[in-house]
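The values are calculated or read from the model by the stated rules, or taken from the named source; none is laboratory data. Please read these numbers as outputs of a predicted model, since none were measured by experiment. As a convention, Cβ positions derive from the backbone with ideal geometry for all residues, glycine included, and neighbour counts pool all protein chains shown. These area figures cover heavy atoms from the full protein model, side chains too; ligands, DNA and RNA do not enter into them. Shrake-Rupley method; radii C 1.70, N 1.55, O 1.52, S 1.80 Å.
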Amino acid sequence: MKITSVECYLGQFITMKINTDEGIYGWGEAGLAYGNSFEAAFGQCQDFAKLIIGMDPFDTEKIWEHLHRHTFWGMGGGVVITSAMAAIDTACWDIKGKALGVPVYKLLGGKTNPKLRAYASQLQFGWSDLIQKDNKGEAIGLLFDPKDYYEVTKNALRDGYDAIKVDPVFAPTDPDTPLEKIWGSQGTTQIRGCYRQHDLQRSVERIAACREAGGPDMDIIVEIHSLLDANTAAELGKALEPLHIMYFEEPTSPENPSNFRHIKQKCDLPLATGERSYTRWGFRQFFEDRTLSVIQPDLCNTGGITETKKICDMAQVYDMGVQIHVCGGPIATAAALQVEAAIPNFTIHEEHNANLKNIFIQAGKYYYKPENGYYTVPDLPGIGQEMTDEFLATCRKVVIE
């Protein structure tokens, strides 16, 4: 089997279709699903597509190493490089599964998890009731008052979840702050260096409201999106300890892993990060320091199924759980489910509230979602997902032959 052409699509999601001489095709997705790097990832997908024409898609290890080595300047990593590698790698695994007539998890060793527990992610932006309120299914907002965090938690519980994730810091410190200012700054207006006590109290009250709504048996993941420096994150973590947090995600930037050791010395919350760490090399020091309890590799940003499986296996050596970071399109979700089904150190699956928006629901041929807080992994050959013609018609398309 040989790769004959690669179709690259740039739209709401960055997707790739790899075609072969046997008529079997596979779908992949590059990360960078939000932010300002769409064009970079789209261009890198085209550059790498030229390097795989004529190769056998079954040779996923060879292709991964080929792309890694022949990038030269990109050998040091970086999300643009690894996101394009991820799209190609995932599409090749999809082809392998389809050619053999089995889901990808079978090729990774089979299921160790018959079903996958999921959590409702990013409740500070709202959940199903708020997202659907404009009848367009696109109403992502930003909650300020603790009572709104109580209500959105109740909303997630009604939808069957017993675990949630909330960022109490991304929300504005002033209720009159325009929403577009918060989105536009991506948190640069937030607190750094020292928490003012009334801001600290409000952040804690937001999580306390979630705890009150969910009761003692609901798990709460606190997300910070690296908006705080290490000192401030440690101060917040210490204040959150009485609320029994499942884990404290990205409390500060992961580029300096020693800062996580500082936070861990100052508070007793389990720590997690990984969505902005790329390849095995990006996780190495976290493993060696054993500062994390949960790793969160983004399959579409860290090099695809091949690399993510290796990262997960390394984490198991250090008794670290895995929650794959998922915030992209339907291909990202489907691929993550395949890996999570196979790994024994799976912790929980991220069901992002963006998955409730109509753009996500209509982009994939199949719409997968948790039932009563749990996913059943698709048994279709390959990753079990592809993009719809309607979605692709809205995308810019480049074909590499």
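Of all residues in region 248-284, count the ones that are of a type in the set (S, T, N, Q), without any contact (Cβ under 8 Å) to a residue 40 or more places away in the chain and open to solvent by less than 60 Å² (accessible area, probe 1.4 Å). Adding up the residues that qualify gives 6.
Residues satisfying the criterion are present in region 4-19 (criterion: of a type outside the set (F, W, Y), assigned to a strand (DSSP E or B) and without any contact (Cβ under 8 Å) to a residue 24 or more places away in the chain). Just one residue in the set Q190, Q201, Q197 is modelled with pLDDT of 90 or more and either open to solvent by 20 Å² or more (accessible area, probe 1.4 Å) or under 18 Å from D145 (Cβ atoms) (or both); that residue is Q201.
In this structure, K62 does not satisfy being assigned to a helix (DSSP H, G or I), farther than 22 Å from K309 by Cα and of a type in the set (K, R). Answer yes or no as to whether Y119 is aromatic (F, W, Y), within 29 Å of N353 (Cα to Cα), open to solvent by 10 Å² or more (accessible area, probe 1.4 Å) and touching a residue at least 12 places away in the same chain (Cβ under 8 Å). Answer is no for this residue. Check region 382-389 and report whether any residue there is without any contact (Cβ under 8 Å) to a residue 12 or more places away in the chain and either in contact with a helix residue (DSSP H, G or I) (Cβ under 9 Å, 6 or more places away or on another chain) or not β-branched (V, I, T) (or both). Yes: one or more hits. Of all residues in region 144-155, those being open to solvent by 20 Å² or more (accessible area, probe 1.4 Å), modelled with pLDDT of 95 or more and either among the hydrophobic types (A, V, I, L, M, F, W, C) or in a loop (DSSP other than H, G, I, E, B) (or both) number 0.
Identify the residue in region 103-127 that is closer than 25 Å to R202 by Cβ and part of a helix (DSSP H, G or I) and, among all such residues, is modelled with the highest pLDDT. Steps first, please.
The initial filter retains those residues of region 103-127 that are closer than 25 Å to R202 by Cβ, namely 119-127.
Next, only the ones that are part of a helix (DSSP H, G or I) stay: 123-125.
Details: L123: 96, Q124: 93, F125: 91.
Checking each candidate, the answer is L123.
Residues in region 208-237 that are surrounded by 19 or more Cβ atoms within 10 Å (Cβ to Cβ) and closer than 19 Å to A118 by Cα: C210, R211, A213, G214, M218, I220, I221, V222, E223. Checking each residue in region 379-400 for being out of contact with any Asp or Glu (no Cβ under 8 Å at 6 or more places or on another chain), open to solvent by 30 Å² or more (accessible area, probe 1.4 Å), over 21 Å from K98 (Cβ atoms) and of a type outside the set (A, V, I, L, M) picks out E390, T394, R396.
Taking the listed residues G97, G109, G101, G76, the one that is open to solvent by 60 Å² or more (accessible area, probe 1.4 Å), more than 30 Å from D217 (Cβ to Cβ) and touching a residue at least 60 places away in the same chain (Cβ under 8 Å) is G109, with no other qualifying.
G141 passes all but one of (1) farther than 16 Å from L299 by Cβ; (2) open to solvent by less than 10 Å² (accessible area, probe 1.4 Å); which number fails? With respect to (1) farther than 16 Å from L299 by Cβ; (2) open to solvent by less than 10 Å² (accessible area, probe 1.4 Å), G141 is out only on (2). Here the condition is being in contact with a strand residue (DSSP E or B) (Cβ under 7 Å, 6 or more places away or on another chain), hydrophobic (A, V, I, L, M, F, W, C) and at pLDDT 95 or above; of A332, A342, it holds for A332 alone. From the list T376, T333, the lone residue that is open to solvent by less than 20 Å² (accessible area, probe 1.4 Å), out of contact with any Asp or Glu (no Cβ under 7 Å at 6 or more places or on another chain), hydroxyl-bearing (S, T, Y) and touching a residue at least 12 places away in the same chain (Cβ under 8 Å) is T333.
Checked against (1) of a type outside the set (S, T, N, Q); (2) in a helix (DSSP H, G or I); (3) under 17 Å from I221 (Cα atoms), L130 meets all criteria but (3).
Can you tell me which residue is surrounded by the fewest Cβ atoms within 10 Å (Cβ to Cβ) among those in region 1-55 that are farther than 12 Å from I400 by Cβ and among the β-branched types (V, I, T)? Top of the filtered list is I24. When you scan region 310-323, do you find a residue that is surrounded by fewer than 22 Cβ atoms within 10 Å (Cβ to Cβ), of a type in the set (A, V, I, L, M) and under 26 Å from G28 (Cβ atoms), even just one? The answer is yes, given that some residue of region 310-323 is surrounded by fewer than 22 Cβ atoms within 10 Å (Cβ to Cβ), of a type in the set (A, V, I, L, M) and under 26 Å from G28 (Cβ atoms). What's the number of the only condition in (1) out of contact with any Lys or Arg (no Cβ under 6 Å at 6 or more places or on another chain); (2) in contact (Cβ under 8 Å) with a residue 60 or more places away in the chain that N355 fails to meet? (2) is the only condition that N355 fails.
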